[in-house]
Every structure is written in structure tokens, then in C-alpha cells.
Amino acid sequence: MPRAPILTTLLTRNPDEGFGLAIRLSRIAVKLTQPDDDIRASLRAQYGRDPGMLIAASQVVATHFATIAAANNYWKGQQP
């Protein structure tokens, strides 16, 4: 049976939704890379205390956000 698509668009209404999508993409990538829930849970304590790993996670989110922002034409013309 075919799997439902994880993502159908990068378009969001505003930067806040774009940032949420960036986080979602990062989390999906981790889950697909390590599908075992127990292993992921056991690793949280390790990366949660490692500043380098936390910075690396932030960099992944930032890369996704940059891609989403570009896809949304940086939300030009959006009213504040």
C-alpha cells in the first residue's frame, strides 16, 4: 500500500507557520533516520545536554526555514 505524502507544499501563510514547518521537517527526518521510538527516547538525554548537538539541531531547522522562506518569496507584501 502506498504511503501518504509527508509533505504536499512548502507554502505557508506567514513566517511563524514557516518556522513550525521547518521544525516539523527536522523531526520527521530524525524519525525516518531512527524509526525506533525507544532508541530515540534514550538518546534525548544525551543530546539534550550537549551544546554542540543542540546547535547542530538548530542549524538543521535554520536550513529548512531558509528553504521554506525562499519558497514563500520571503513572505513579501505580508502585512505585519
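Run the accessible area of the chain with a 1.4 Å probe and give the carbon-and-sulfur part as a rounded percent.
Working: 3830 of 6270 Å².
The nonpolar share, carbon plus sulfur, comes to 61 percent.
Axis angle, to the nearest 10 degrees, between helix 15-33 and the longest C-alpha principal axis of the chain: 30 degrees. For segment 72-77, backbone phi angles converted through the Karplus equation (6.51, -1.76, 1.60; θ = phi - 60°) give residue-by-residue couplings of 9, 6, 6, 6, 4, x Hz, Gly and Pro being listed as x. Each of [x] 6.5; [y] 6.9; [z] 5.1 is a candidate for mean projected area of the Cα convex hull in nm²; the one calculated from this structure is [y]. Per residue, the solvent-accessible area of the chain (1.4 Å probe, heavy atoms of protein chains only, all protein chains present) comes to 78 Å².
Computed over the chain, the per-residue total of -39500 (n - 2.57) for DSSP H runs of n ≥ 4 gives a 222 nm mean residue ellipticity of -21500 deg cm²/dmol, rounded to 500. Ordered by 1.4 Å accessible area with all protein chains kept, Lys31, Lys76 run largest first as Lys76, Lys31.
Counting Lys and Arg as +1 and Asp and Glu as -1 over every other residue whose Cβ lies under 14 Å from the Cβ of Thr9, the net charge comes to +1. Between the alpha-carbon centres of segment 43-70 and segment 1-27 there is a gap of 16 Å.
Once both labels are positioned 7 Å from their Cα atoms along Cα-to-Cβ, the gap between Gln59 and Leu43 label points is 1.7 nm. Using C-alpha pairs under 8 Å with a sequence gap of at least 6, the mean separation divided by the residue count of the chain gives a relative contact order of 49 percent.
Tell me which of Val30, Pro15, Ala62 sits at the most positive position along the dipole axis of the chain, charges placed on C-beta atoms (Lys, Arg +1; Asp, Glu -1). Result: Pro15. Rounded to the nearest 20 debye, the dipole size of the chain about its Cα centre is 120 debye, using +1 on the Cβ of Lys and Arg and -1 on the Cβ of Asp and Glu.
The values are calculated or read from the model by the stated rules, or taken from the named source; none is laboratory data. All values reported here derive from a predicted model rather than from experimental measurement. Ideal geometry is used to build each Cβ from the backbone, glycine not excepted, and the neighbour counts take in all protein chains shown. Each accessible area value is taken on the protein alone, full model and side chains, heavy atoms only, with ligands, DNA and RNA left out. Shrake-Rupley method; radii C 1.70, N 1.55, O 1.52, S 1.80 Å.
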